[in-house]
Every structure is written in structure tokens, then in C-alpha cells.
Amino acid sequence: MSESDLAIIKPAMMKSYIWLETSDGSIQQVEQEVAMFCPLICHQALQKGGGSSKNNAISLPQKVNPAMLSLIFDYCRFHQLPGRSNKERKVYDEKFMRMDTKRLCELTSAADSLQLKPLVDLTSRALARIIEGKTPEEIREIFHLPDDLTEEEKLEPLKNTMDDPRIRLLNRLYAKKRKELKERVKLKSIEVEERVDERSVDDLLSFINGRDHKVVNTSKSKKKNKKRKEHRNGTCKVSNKDSHNLHSKQRSVDETSSSLGGVSNLHNIEDDIFSKKAEFEDGYIDDEIDPALKEMLDREVEDFARRLNSSWVLSVGQERQPVHFSINGNGGTRRLTDTHTLLDIAIDD
Amino acid sequence: MKPGIDDQSKPQTMIQEKYTKRYQNLKVAEALSNNHLYPFACNELSSIIDLGYSQLPKDLKAFIFRDCLSAFRLLPEMNTSAAVSAANLLVKSVESAFPKQKKNLAIVEFKQAKVALKRRTKSHDEHIDLPSLPQDIFVHIFSFLDLYSLLSSSQVSRSWNQATSEGSLWRSLFDLHFSHKVLIHIYPGIDWREAFKNEYILYKSSKMLRSGRGYCSYCDSVVWHDNLRCPKKQCRLKSGKKPLDLMLTHEVVNYLLGTTSSSDESDSEDEAVRGLWAYPTLQ
């Protein structure tokens, strides 16, 4: 074309560029229509006259690094052309979104700081599709997030069921029982020492008999008792750790596989209940229980065990020897059956 | 051939076609490639096989077999624990019902999938730091999630937990699930999550949402619901705000096979419902 022809051509036909500076200091120029697709750049250019020359480059927000910028401009370049059909755009978008999670996050962040809403929508949907259907553990893995919630906070939606009258009743009963316990413990402080010795003998016996899980059981329960006495605070985390072996086993199973809905919620209700009565740990109350009640409790233990579908618990229950020993071993189940019996007693009243 | 025999075989093939047609309309195979629907589809396959694989017409058997194979082949891509447990369930059904040759083929496929899965989980051990996104972006992302995924997200980390407590998320979920049957008094400061939870427990929605299926009266078909609505555009326009009638998995299988089995879920309603709020599960 001759010069005169060029002069006739409208200015809009000439490619004009906008100068942009990214967070790392590098300056580049981009076609105007592409860059103007981003509201932030548009605003800067029109209202503040930026980007007209190298010295006057628009500085982009910190979150926009050069790699993301070029991606974004690819997107803008495609979409700012009015001649594209909706189907073309959709196909392009789907192809565009195929990248790893890290880049998706960076892209979302960059697009958001440039106020490019359609791209933010697109990346958000892609991220949502990644999150969909995953367990919390899996999500944490993908996004490399820390597990910084306490057990209590995780169960928070369930906690609001404090309004449930059953739980209120249970709490009242626990308060009553706690008082009784304290009195009894004072009286029995001497007997406690003796019992500790007996237990160690039983330990040896069972170990000799080759029942390894029993040993694990008692050592755990001994630690439990010690821990309980030291940590008489009500934080769920501690009490949950202290709580019954069978629950800890069940919990780990639940956390890895998410397909035990019926079981997991059952022990979560209990966890909630137990968190409320952190001091109610000692199994010494069982000394007063007469054999008839004990049998009933045994039955409740087995019923409970069946519900939890755990053969380990059943085997422990069947091999019980001395009363106090096994009760500590079954500390967890005892506690649950206690709550059941308390509830029954209360209802009978 | 004698005309008598022809007459007898005709109604048989028509019945066969009916079942096969129904199965194809159910679009189980398509759902297998969807990350979210994969476990639901596997469960349906398991139920169908358990209920009476041997009585199925020949070509339907072939379809089921083909879909089981593709389910196992797609397992490594799914990479969620829900998918793995669904596939385990499916392989159990396969083991008990399939004839020897098909069974072996399917199990080989399954084992290959498990090996591929293991390889995948090993390679994802890079310690990268992902950029942190602003809270309102999280809220925007969560607005696209279904109920179970939202609850999972609330247990991921502290910042996610805070983002999920955003009222607008629960308000739109409430609208989606209950607005057609519940009148709610809206006052300033209303806790939408509480409101949603109360209605959810009241309507015992937990079981219904575990299938991914709904019945659309406008197109008269059983579909994979897209956020409680029919995936077909015309039906969505016609139905407006009204969600689909949700169906349980065993109801879908009954519809397909013309049987009347009942669900074998043994947990009580209350426990199942509460379970949602403690540890979200996808069964």
C-alpha cells in the first residue's frame, strides 16, 4: 500500500499496543483490543491514560505473573473476536481448562485480580468439578492444604444439636454422676493403688496366655486413666484421643474410606456426647454394680459391638476375666452402656 | 421353520428389546466417565447384577458386561475413595454372578485398574505450595458444589471452613432443595445453614440424595439429575423451580427389571440423616 492509502485507513485498523508491566518488572506490549478485554487494564488505560508508552506502562497486580498473563491473553485474544460462534467458544473453553490444579489456582487468582469475570467463572467451575465428590482428606491432598481444624470444629454442625432434649438430659445425668464419682473416688483412693497391682498381674497372665490384644488393651487403658487424671480439661481432641480403643479403630477406618455412613454417624454422636463429659472417665463406678446389672451391661456391650460391626470388640467382650480388669479394657463400651442405662433409669423415673 | 415356533419367539424378543432399551435409556455407561456419578453408576450395576443377572436377556447381559469392564478401566482416572469402594462392591457382585469366562476377564481388568491406581497415588508426592485464593473466590467456587461436596469442603481446613459458612451458599441450597415445599420466615440475621439442616433432617433427604437419580415427568424418563433438575433443557424450562422426584438406587433397578425388591439399607433413618453432618459419605 502507498503512503496515501495508509493515511486513508482509519486509525482503528492500525494495531495499537498497550504497555504492561508485570510484578517481576518485565515490560511487554499487547494488542490493544486483547488487553482491553480485561476491565482493570481498560479502566487504567481510559481513565488514567496509562499504557501508552514503555515508560508509562500499566503495572499489573502482584498475582499476575508473565506465564499467567500470556495464558489470559490467549483467552482474551480468542474471545474478543465477535465472529466466534457460541459452540466454538465452548469448545475452546473446555480445551483451555485442561491444566493441572496448581495452574488453575494461579489462573483464577490472576483473572480475579484483573477483574476478568468470565474467566474467573470458568476456572471456578473447573475447580468445583475437581472438588466435587471428594472426601476432605482427598481435597487436602490435591490442594496441599494443612489439616488445621480440631475435631471439635469438624463436628460443629452436629454440635448445634445441643438443643436436642435427649442430649440435655444426658448432660444433666452426667453432672449428677460426676458428683457421685468424686465422692467415691475420695473414699477409695487407697483401694485404687491395690487394684493397680492386681492389674499388672493380670497383664502378665493374659500375656502368658498369648492374648496380645488384651495387653495392648490394658496398657492403653492404663495410659487412658493416667491421661484422664492429668488432662481434666474438656477439649475434644484430648478426650477423643483418650476415648475407647474401639472408637479410635473405627475412626481411622472411617477417615480413610467414606462408605460407612451408618456406622460413622453413630460413633460421632457418641463422640459428641463424650466430649461433654470429659471427666467421667474412671471405670471404678462399676465396683458397685451387682451381677444382674452386669449381665445387662454385657448384653448391651454385645449389642453395641454388633452395631459397630467390629469383631475385635466382640472378642474382647467374650474373653473377659476379672471384672475390674475387663471393665477398664472395655472402658469405652462401658461408658456407652452406662449412658444407655442412665437414660433408662431417668426415663423410668 | 414352522410358523408356530416363530410366533412363540416373537413376544420373547420384544420383551428382551424392552429391557435392553430401558437399560440404554438409563445411560449408566455415560455416567461412568463422570467423576461425580461414577460411584452411583457402579452401585446400579452391582444392584442389577445382584438382583438377577442370569435371568437377563442375552444382549442386556452383554451390555452389562461391557459396562462393568469400562467401569474398571475408568477407575484409575476417578481416584476418589468413593469410586474405589463402589468398584470393590461391583467386583464382588461380578464374582458371585458372572459365568466363569466373563468373570475372569472382568477381574483381570479390575486388578489392572488397582495397580494403575497405586502408581498414580505414588506419583502425586510433590510438595508444592498452591497460591492462596481470596475468600470470595472460594465462596464463588463453592456456589457450584452440591451438598455433599460442600460439607466435605467445610472439613478441609480452617479457611475453607470459614468460607463454607457463608449464608448465601446455604440459602441457594435451601432454595434448590426445599423452596417448592417449604415456606420459611426470612428475618435479618437468619442462619441459612441451620434452616437448611432442619429441613433436611425433617424431610429425611439423606437417602434420596445417595443415588444421583431422579424421575422427570416432563420427558417421562429416569435421568441423572443435574443439581436436582432434569439435564434436558426443555424440561428445565417447563418445570421452573420445581426439582425432580428423587429416586433411590433400588427403585431404579426395580424400574429396569420390573422387580419389586426393597432397599437393604439397615441403618435407621435418624442415624443416616445425622451421618451427613458429621462425616459426609457418598454411597
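The values are calculated or read from the model by the stated rules, or taken from the named source; none is laboratory data. It should be emphasised that the depicted structure is a prediction, and the values quoted were computed from it without experimental measurement. Backbone-built Cβ (ideal geometry, glycine too); neighbour counts: all protein chains shown. Note: areas computed on protein heavy atoms with side chains; ligands, DNA, RNA excluded. Shrake-Rupley method; radii C 1.70, N 1.55, O 1.52, S 1.80 Å.
Would you point out the residue of region A:73-109, among those that are open to solvent by less than 60 Å² (accessible area, probe 1.4 Å) and not in a helix (DSSP H, G or I), that is farthest from B:I141 (Cα to Cα)?
The residue in question is A:S85.
So A:F96 fits all but one of (1) within 8 Å of another protein chain (Cβ to nearest Cβ); (2) in contact with a helix residue (DSSP H, G or I) (Cβ under 9 Å, 6 or more places away or on another chain); what number is the exception?
All conditions pass for A:F96, except number (1).
Could you please find all residues in region B:220-243 being assigned to a loop (DSSP other than H, G, I, E, B) and open to solvent by 40 Å² or more (accessible area, probe 1.4 Å)?
Within region B:220-243, B:D220, B:N227, B:P231, B:K232, B:G240, B:K241, B:K242 meet the criteria.
Among the listed residues B:L133, B:L147, which satisfies the condition of being at pLDDT 85 or above and either open to solvent by 50 Å² or more (accessible area, probe 1.4 Å) or within 24 Å of A:T135 (Cβ to Cβ) (or both)?
B:L147
Looking only at region A:148-161, filter to residues that are facing chain B (nearest Cβ under 7 Å) and not in a helix (DSSP H, G or I); which one of those is modelled with the lowest pLDDT?
For region A:148-161, the residue satisfying everything is A:L155.
In region B:153-201, how many are within 12 Å of chain A (Cβ to nearest Cβ), aliphatic (A, V, I, L, M) and in a loop (DSSP other than H, G, I, E, B)?
So the count comes out to 1.
Does B:G4 meet the test of being modelled with pLDDT under 90 and at positive phi?
Values: modelled with pLDDT under 90: yes; at positive phi: no.
Criteria not met by B:G4.
For (1) within 14 Å of chain A (Cβ to nearest Cβ); (2) among the β-branched types (V, I, T), each residue gets a yes or a no:
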residue	(1), (2)
B:K27	no, no
B:A31	yes, no
B:D59	no, no
B:A62	no, no
B:N79	yes, no
B:V84	yes, yes
B:Q135	yes, no
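Quick one: in region A:121-142, which of the residues that are in a helix (DSSP H, G or I), surrounded by 20 or more Cβ atoms within 10 Å (Cβ to Cβ) and within 7 Å of chain B (Cβ to nearest Cβ) is farthest from the chain's Cα centre (by Cα)?
In this case the residue turns out to be A:S124.
Identify, please: which residue in region B:141-151 is within 19 Å of B:H225 (Cβ to Cβ) and assigned to a helix (DSSP H, G or I) and is, among those, farthest from the other protein chains (Cβ to nearest Cβ)?
Looking at the filtered set, the residue picked out is B:L147.
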